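I have placed the structure first, in the form of C-alpha cells, so that the comments after it can refer back to it.
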Ligand SMILES: [Zn+2]
C-alpha cells in the first residue's frame, strides 16, 4: 500500500475486517456511552480518526522494529499488517541474541512511548475539546494494551522473541530457546482461548469472541508457522543433488530376498535400494528396504523375489536433480516412502533418503534462526 523509509507496507485482508469492526464498535458503542448526546457525524469522525491513528500506531510499532533491525544490519523486505499487529519480513537471519533482543523490545517500547504521548496530548486537548481528548485517551490506552499484549512471553509475540533471545544468550543454544518460546506461546494462546470462552459465557459476548479468536490465531501461529517457516526456508535453498547419495546400487526385481540381503544389505551401508531391470536403470519399478524383507519369514527368503516385496513407484514420484529438499520432503510424505530415486533424463543419478535430510539438519543447527 505504500513505502516508509524504503520499506513497503502491505495490508493483510484481515485488516479491513478489523478496520470495520473497530470503527463500528468505537463510533457506535464506546464513544456514545462515554460522551452521550453528540451527533452521529461526531461519533463517526471520532471513530474514524481513532481507527486511523490506531493503524498508524501499529505501523509505528513495526517500523521501530525495522529501525533497530537496520542498525544491526538486518534488511527488512516488507512489513505486513494483519489482525492485531504486523510482521516485519526479512530474508536475513538474526546475527546474535543481542540483536534479536533489541529488535524485539523496540516494538513494545515504541508502543509505550505512544501511550505516554497520547495520554499527555489528551491533557493538552481537554480544555479545548472533550471528544478530541477522549479519542487521544483511548489511543493512549490501546497503545498500552498493544505494548502489554506484545510483551506476553510466547512466540510469535515480541515478548516471545525477547524470551528466546534471553534463553539463547544464557544457554548458548538457539534451538532450545526457540522450542521454549514456541511452547510458552502455545500455552499462552490456550490460556487466552479459555479466558475468551469464560467471558463469552459470563455475558461479555463480543469481548469473549475477540479474546478467543486472538488466542486461536496465536495458537496456530505458535504451533506451525514458525518451525515450518524456518524449515521450509532452509530446505528450499538446498538442492536434492547436494544431499543425495550418488553411489546408487540398483537391485534387480528377479533377485531372491536371500541374494538381495547378501549382495546388498550386508555389503553396503544403505537401508533401501531402487529396484530396476539392470538393463534399464532409469525405469525404476520400486523401492526395496530391509524392513520389508524382514516381514517375510526367514525360511522363505530363498523363494520370494524382490519384485514381490518392493514398494512400487511411478515415474512422477521420482525426484529430479533440480528439486529442492522442501519438495523432496513433500514427496516423502505423499508417497509414504522413506527414500526416493533422483532421475535426470531417465538416468538414475542418485538416491535421497529421509535420513540424509535428518543428518543434514542435525549438522546445521544454525537453521532454526529468525527468518
Ligand atoms: Zn512487535
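Summary of values
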{"quantity": "All positions within the range 276-308 that are in a helix (DSSP H, G or I), in contact with a strand residue (DSSP E or B) (Cβ under 9 Å, 6 or more places away or on another chain) and closer than 14 Å to residue 259 by Cα", "calculated": "290, 306, 307"}
{"quantity": "Residue check for residue 206: in contact with a helix residue (DSSP H, G or I) (Cβ under 9 Å, 6 or more places away or on another chain) and either within 16 Å of the ligand (Cβ to nearest atom) or closer than 30 Å to residue 119 by Cα (or both)", "calculated": "yes"}
{"quantity": "Residue 122 being surrounded by fewer than 23 Cβ atoms within 10 Å (Cβ to Cβ), more than 16 Å from the ligand (Cβ to nearest atom) and assigned by TED's automatic domain parsing to the domain that holds residue 53", "calculated": "yes"}
{"quantity": "Residue 110, sole failed condition from (1) at pLDDT 90 or above; (2) more than 11 Å from the ligand (Cβ to nearest atom)", "calculated": "(2)"}
{"quantity": "Failed condition for residue 38, given (1) at pLDDT below 90; (2) under 19 Å from residue 139 (Cβ atoms); (3) within 16 Å of the ligand (Cβ to nearest atom)", "calculated": "(3)"}
{"quantity": "Meets criteria (closer than 27 Å to residue 167 by Cβ, at pLDDT below 90 and within 15 Å of the ligand (Cβ to nearest atom)) for residue 79", "calculated": "yes"}
{"quantity": "Index of the failed condition, residue 19 passing every other in (1) surrounded by fewer than 19 Cβ atoms within 10 Å (Cβ to Cβ); (2) more than 30 Å from residue 170 (Cβ to Cβ); (3) at pLDDT 90 or above", "calculated": "(3)"}
{"quantity": "Selection from the range 242-263 of residues that are surrounded by 18 or more Cβ atoms within 10 Å (Cβ to Cβ) and either outside the structural domain of residue 293 (by TED's automatic domain parsing) or more than 19 Å from residue 312 (Cα to Cα) (or both)", "calculated": "243, 244"}
{"quantity": "Within the range 94-107, considering residues that are surrounded by fewer than 18 Cβ atoms within 10 Å (Cβ to Cβ) and more than 14 Å from the ligand (Cβ to nearest atom), the one modelled with the highest pLDDT", "calculated": "98"}
{"quantity": "Conditions (1) more than 16 Å from the ligand (Cβ to nearest atom); (2) touching a helix residue (DSSP H, G or I) at 6+ places or on another chain (Cβ under 8 Å): number failed by residue 151", "calculated": "(1)"}
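The values are calculated or read from the model by the stated rules, or taken from the named source; none is laboratory data. Quick caveat, the model's predicted, so the values are computed rather than measured. For neighbour counting, all protein chains shown are included, and Cβ atoms are generated from backbone atoms with ideal geometry for every residue, glycine included.
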